[in-house]
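A.B. asks: Take this structure, written in structure tokens, and hold onto it; I'll ask about it next.
Just so you know, all these numbers are worked out from the coordinates, no wet-lab data involved. Note that this is a predicted model, so its numbers are computed, not measured. Here the Cβ is made from the backbone with ideal geometry for all residues, glycine too, and neighbour counts use every protein chain on show.
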Amino acid sequence: ATSAKSQYELQTLTTWLLDLEKNAVIDNELAAVISSIATACKQIGSLVNRAGISNPHGLAGPENGAGRGPEEAGRHLKRGLRKLPAQQWDGAGSGAAAGLGPGVGLAACGRTGVIASEEEDLPVAVEETFSGEYVVVFDPLDGSSNIDAGISVGSIFGIYEPSPECSIEDMDDPEEMMKKCVLNVCQAGNELLCAGYTLYSSATILVLTVGKGVYGFTFDPLIGEFILSHPNIRIPDKGKIYSFNEGNYQMWSEEQKKYIDSLKYPEKWGGKPYSSRYIGSLVGDFHRTLLYGGIYGYPGDAKNTNGKLRLLYECAPMSMIAEQAGGKGSTGFQRVLDIVPEAVHQRVPLFCGSKWEVEYLESVLQGKP
Ligand code: AHG
Ligand code: MN
Ligand code: MN
Ligand code: MN
């Protein structure tokens, strides 16, 4: 935000959004969507804080299965969504969105037309009574395998405008409607209006971009507000940390191995060995990379050629944030934001962080000396 605040004034997410609106950077519709996401993240934050008390048997659930934590987190984000014929038709996970009654989440904010979640098989359309313009994609509880050990988890989100040829108004045929929902959701990251994440850690921190730099807000539990704590985050051009799941080393390509080896044995080019840090929560690993610099990576390997992370809910939003902070997001061969998704749960390799490390990785993977 551009308004001049003295060092004695705090800015909340709300006043920051209102300033952006006043300066015509975003409109009030988008501000309402961002605000409803922030409120849902407060709810998810309290779910995470109380996880050990209210769920003594654990929240994580099976890997990429319907764990209670991710399911509950997703419900907070969707809150207010009603059942549509399209959901009855799919018979799959999105039925969980139904019949939730009043709430503060995305559907209730009345500006969202289509919602897609990492935790559900198919996107869902918001009932007409609530529906609006925006297409929202999210990963409600990322790093969920960490939750029962009290380790940082997060939520990731992205906001798109509906693609012009994909109106879902006045559609009776549920199959047609689902197709349009999928088309609305399958947009390249370079179309994102907003991307962000919330980290639930020693503090709850919301980081977001609307395409004009990256801003971080720390939740103040005393007043229940997100306070602007990290104005205009810039990622260092070069860092000292790499963040990969090295347990997969033996499945990596020779080039991938060569890259990590060279960070550990930098004698050849005269540097110091990098430090290794890996939590296994993308949001936590990314947030550290954003602030301290270095590289986060989830490469493809012999078993999973496209790695593990999802383009729509994880790779594209994080890449937009990395770029907006002066860093990069790459598959090793292509800018992540240029990829047009072919499926809602498509995976792509992700390397993001400081410019130097990502460009060096690209040159090694592409076999350039
Ligand atoms: P999710 O909990 O949303 O399914 O995402 C898990 C992802 C991501 O958070 C993390 O970076 C990665 O999985 C960790 O994978 P490994 O356990 O293979 O390292
Ligand atoms: Mn998952
Ligand atoms: Mn995830
Ligand atoms: Mn998830």
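A.B. asks: Hey, rough spin-label estimate for T14 and N28, points 7 angstrom out along Cα→Cβ, what's it come to in nanometres?
C.D. replies: 1.5
A.B. asks: Given the DSSP H assignment, sum -39500 (n - 2.57) over each helix run of at least 4 residues in the chain and divide by its residue total; what's the result at 222 nm in deg cm²/dmol, nearest 500? Walk me through the numbers on the way to the answer.
C.D. replies: Details: 10 runs with 107 residues, N = 369.
My calculation for the chain gives -8500 deg cm²/dmol from helical runs alone.
A.B. asks: Just how many pairs of Lys in the stretch 238-369 have C-alpha atoms closer than 12 Å, counting pairs that are eight or more places apart or on different chains?
C.D. replies: On the way: K238/K328; K238/K355; K240/K264; K240/K272; K264/K272; K328/K355.
Value for the stretch 238-369: 6.
A.B. asks: Now, a different point. Per residue of the stretch 322-334, in order, report the coupling 6.51 cos²θ - 1.76 cosθ + 1.60 (Karplus, θ = phi - 60°) as ³J(HN,Hα) in whole Hz, putting x for Gly and Pro.
C.D. replies: 4, 5, 5, 8, x, x, 9, x, 9, 8, x, 10, 8
A.B. asks: Let me ask something else about it. Any idea what the relative contact order of the stretch 217-329 is, in percent, if you count C-alpha pairs under 8 Å spaced at least 6 apart?
C.D. replies: Working: 131 pairs, mean separation 36.7, N = 113.
The normalised contact order for the stretch 217-329 reaches 32 percent.
A.B. asks: When the chain is modelled as a GNM with alpha-carbon springs shorter than 10 Å, which of I53, I235, I223 fluctuates the most?
C.D. replies: For the chain, modelled as a Gaussian network with Cα springs under 10 Å, the answer is I223.
A.B. asks: Could you identify which residue out of P231, P299, P123 has the top mean-square fluctuation in a GNM of the chain using Cα springs shorter than 10 Å?
C.D. replies: In this elastic network of the chain, the residue with the biggest mean-square fluctuation among P231, P299, P123 is P231.
A.B. asks: Expressed in nm to one decimal, what extension gain is obtained for the pair E169 and Q7 from 0.36 nm per residue of sequence separation less their Cα-Cα distance?
C.D. replies: Numbers: separation 162, 0.36 × 162 = 58.32 nm, distance 4.81 nm.
Full extension of this stretch gives 53.5 nm more.
A.B. asks: In addition: Tell me the label-point distance for the pair K258, I151, using the 7 Å Cα-to-Cβ offset, in nm and rounded to one decimal.
C.D. replies: Taking the two extended label points, one gets 3.1 nm.
A.B. asks: In the stretch 149-280, what is the volume of the convex hull around the alpha carbon atoms, normalised per residue and reported in Å³?
C.D. replies: Considering the Cα atoms of the stretch 149-280, their hull volume per residue is 232 Å³.
A.B. asks: Oh, and also: List residues of the stretch 241-277, by number, whose backbone nitrogen lies under 15 Å from a label position 7 Å along Cα→C-beta of Y292.
C.D. replies: 241-245, 273-277
A.B. asks: Another one. For a footprinting-style exposure proxy, rank E191, E165 by other Cβ within 10 Å, fewest first. Let's see the in-between values first.
C.D. replies: Numbers: E191 14, E165 8.
Exposure proxy ranking, most exposed first: E165, E191.
A.B. asks: Relative to the longest principal axis of the C-alpha atoms of the chain, give the angle of the C-alpha long axis of helix 282-292, reported between 0 and 90° and rounded to the nearest 10°.
C.D. replies: Here the helix axis deviates by roughly 60 degrees.
A.B. asks: Follow-up question, since we're still on this one. Along the charge dipole of the chain, Cβ charges K/R +1 and D/E -1, which of P349, P273, L10 sits furthest on the positive end?
C.D. replies: So the residue furthest toward the plus end is P273.
A.B. asks: How long are the semi-axes of the ellipsoid equivalent to the stretch 269-369, from square roots of 5 times the Cα gyration tensor eigenvalues, in whole Å, largest first?
C.D. replies: They are 21, 16, 13 Å, listed largest first.
A.B. asks: So what's Rg/Rh here for the chain, counting alpha carbon atoms and using the Kirkwood radius for Rh?
C.D. replies: 0.96
A.B. asks: Taking the dipole about the Cα centre of the chain, with the C-beta of Lys and Arg at +1 and of Asp and Glu at -1, give me whichever of P221, I235, L337 is farthest to the positive side.
C.D. replies: Highest projection toward the positive end goes to I235.
A.B. asks: For helix 68-78, report the angle its Cα long axis makes with the longest principal axis of the Cα atoms of the chain; keep it between 0 and 90° and round to the nearest 10°.
C.D. replies: Approximately 60 degrees, to the nearest ten.
A.B. asks: Still on this structure: For the stretch 216-271 and the stretch 276-298, what is the separation of their Cα centres, given in Å?
C.D. replies: Using only Cα atoms, the two centres lie 4 Å from each other.
A.B. asks: Kindly put R310, R335 in sequence by how many other C-beta atoms sit within 10 Å of each C-beta, fewest to most. Walk me through the numbers on the way to the answer.
C.D. replies: Working: R310 24, R335 16.
Neighbour counts put them in this order, fewest first: R335, R310.
A.B. asks: Still on this structure, I have one more. Take the alpha-carbon centre of the stretch 183-212, take the same for the stretch 130-180, and report the distance between them in whole Å.
C.D. replies: The two parts, judged by their Cα centres, are 12 Å apart.
A.B. asks: By how many degrees, 0 to 90 and rounded to 10, does the Cα axis of helix 355-365 deviate from the longest principal axis of the chain?
C.D. replies: 70
A.B. asks: Mind giving me the nanometre distance, one decimal, between the label points for L222 and R277, set 7 Å out from Cα along Cα→Cβ?
C.D. replies: If labels sit at L222 and R277, their model points lie 2.7 nm apart.
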